[in-house]
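The values are calculated or read from the model by the stated rules, or taken from the named source; none is laboratory data. For clarity, every value in this text was computed on a predicted model and none was experimentally measured. Every residue, glycine among them, receives a Cβ derived from its backbone with ideal geometry; neighbour counts consider all protein chains shown. Surface areas here come from the heavy atoms of the whole protein model, side chains and all, with no ligands, DNA or RNA. Shrake-Rupley method; radii C 1.70, N 1.55, O 1.52, S 1.80 Å.
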Amino acid sequence: MKLQQLRYIWEVARHGLNVSVTAESLYTSQPGVSKQIRQLEDELGVQIFQRSGKHLTEVTRAGAAIIDVAGRILGEVENIRRIAQENSDSGRGNLSIATTHTQARYVLPPTIKSFIGKYPQVALHMHQGTPLQISELAVNRTVDFAIATEALELFDNLVMLPCYRWNRSIIVPVGHPLASVQPLTLAAIAEYPIVTYVFGFTGRSQLDDAFTAAGVEARVAFSAVDADVIKTYVKLGLGVGIVATLAYDPVEDHDLVALPASHLFDYSVTKIGFRRGAFLRNYMYDFIELFAPHLTREVVDAAIGAATKEEFDRLFDRVKLPEH
C-alpha cells in the first residue's frame, strides 16, 4: 500500500469518480491512476469502486470506509508537513480561504491587507462559491479556512468559530415610496417585487423564515449571489433589494437609499471553519485573530479542545460579537 494510491482514491472520490479530471488535477496520466487503484484493490482483496466497462460508477461500501480512513491519513501527512515548515521557516507558506462574494468584497479586504503586510512570504489564495461549496472545500482539504454564514453547521468535521453578527437593509432608489413608510414592515416590503440573494447565500434562509413567520408572502422577482448585482437591478427598477447592511456604501451607492431592517429580521452570524485535527500554523492563528479579534489563539485552542457542544458553547456565551 502506497501513500500515492491513497491519494488517488481520495481524489477520484472527490472528483465525482472522474478519473480523467483527477489525473489532470494531479498532473499525471489517466492510465496511471487507474492502474494504481487496481493494484491497491488487488492488494486489499476488495473493490473500492464499482465499474461499468472502464468507467467507475459508484463507491462500494468497503470503499467508502477505506476512502474515509485514507482522507484522515492524508490529513495527518499534511499536518506533518505543516509542523516541519513551521519549525524550519515559520514566515513562509500558503493560506487558502473559501468564502462568498459578500465576505470577499466587503469584509475581508482590511484583514487581507494587514495579513499580507505581516506575512509577505505567505501566498494567499481565495476561492469563492456557495456556502455549501465553501464548506466542502474545507472538508476536502482544498482550503484551510471556510468563511460563510450558511451551511457550515452541516459538517460535523469542521470546527466553526463565530466571528461577527450582521443584519440586513432594504435598498431602494432615491425617491421610492417605501422610503417614507414609518414604521417599515414586512407587509409593506412585500407589496413590491423583491431582489435578493439566492437561497443558501448570506443568511437568505433567515430572510425567508421572517416572511413566513409574519404570514406574509414575499415575491422574489430576481435573485443573485452577488450584492453588487442585486444593487444594479434595484437601480434598474426591477424591485426592492434586501442585502446585508455591510454591502451598502453610501458613497458608491449614492443613488440608492438603505432602510434599516434589523427590527424585521434576526441577526445572522458569520463563522470561520477549519477541519478538525488540522495543524494550524502560527500565521493561521494570526489570520483568524485579524479577522475576528476575540478569537485569540487561546480561545481557538480551547474551542478545538472542547469535549462537548455545551463546553464549546460556554466559550462564547459571554462574548459580545462585533457587528458589521
To the nearest 10 square angstrom, what accessible area does I116 show with a 1.4 Å probe? 80 Å²
With a 1.4 Å probe and all protein chains left in place, how much of the accessible area of the chain comes from carbon and sulfur atoms, in whole percent? 53 percent
Only one of the listed values, [x] 29, 41, 21, 8, 1; [y] 30, 57, 12, 0; [z] 27, 48, 23, 1, was derived from the coordinates as P(r) over Cα pairs in 20 Å bins from 0, in percent; which label is it? [z]
Can you tell me the dipole magnitude for the chain around its Cα centre, using point charges on the Cβ only (Lys, Arg +1; Asp, Glu -1), in Debye to the nearest 20? 760 debye
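Report the relative contact order of the chain, percent, no decimals, based on alpha-carbon pairs under 8 angstrom and at least 6 residues apart.
Values: 505 pairs, mean separation 63.1, N = 324.
This gives 19 percent for the chain.
Take the chain, mark every one of the GluC sites (Glu not before Pro) that falls in a DSSP loop and has at most 12 other Cβ within 10 Å, then report the longest stretch left between them, sites excluded. Walk me through the intermediate numbers first.
Values: sites that count: E217, E252.
It works out to 1-216.
When the dipole is taken about the Cα centre of the range 243-324, and only Lys, Arg (+1) and Asp, Glu (-1) are charged at their Cβ, what size is it in debye, to the nearest 20? Don't jump to the answer; show the numbers that get you there.
Values: 9 positive and 14 negative charges, 110 e Å.
Computed charge dipole of the range 243-324: roughly 540 debye.
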For D313 and N157, extending 7 Å from Cα along the Cα-Cβ vector and measuring point to point gives, in nm, a value of 2.6 nm
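If I take every Cα pair under 8 Å that is 6 or more residues apart in the range 27-143, average their sequence separation and divide by the length, what percent do I get for the relative contact order?
On the way: 87 pairs, mean separation 23.8, N = 117.
Normalised by residue count, the contact order of the range 27-143 is 20 percent.
By the scheme Lys and Arg +1, Asp and Glu -1, what is the net charge of all other residues having a beta-carbon under 9 Å from that of D253? Write down the numbers at each step before the final one.
Details: positive: K231, K235; negative: D249, E252, D255.
Taking every other residue near D253 into account, the sum is -1.
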With labels modelled as points extended 7 Å from the Cα through the Cβ direction, what inter-label distance (nm, one decimal) is found for D301 paired with E323? 3.4 nm
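Looking at the range 246-280, which trypsin sites (Lys or Arg not before Pro) are in a loop (DSSP not H, G, I, E or B) and have at most 15 other Cβ atoms within 10 Å? Working shown, then result.
Values: sites: K271, R275, R276; in loops: R276.
Within the range 246-280, the qualifying trypsin sites (Lys or Arg not before Pro) (loop, at most 15 other Cβ atoms within 10 Å) are R276.
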Could I have the simple spin-label model distance between S20 and S90, label points 7 Å from Cα toward Cβ, reported in nm to one decimal? 4.8 nm
Net charge of Cβ neighbours under 10 Å - reference R14; Lys, Arg +1; Asp, Glu -1: -1
In the range 6-63, what trypsin sites (Lys or Arg not before Pro) fall in a loop by DSSP, with at most 11 other Cβ atoms inside 10 Å? K54
Pull out the extension gain between D249 and E78, defined as 0.36 nm times the separation in residues minus the alpha carbon to alpha carbon distance; nm, one decimal. 57.5 nm
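Rolling a 1.4 angstrom probe over the protein heavy atoms, how many square angstrom per residue are accessible across the range 178-258? Before the final figure, lay out the partial values.
Working: 3800 Å² over 81 residues.
Per-residue accessible area for the range 178-258 comes out at 47 Å².
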Just name one of F115, T212, I170: the one whose Cα is farthest towards the positive end of the charge dipole of the chain (beta-carbon charges, Lys/Arg +1, Asp/Glu -1). F115
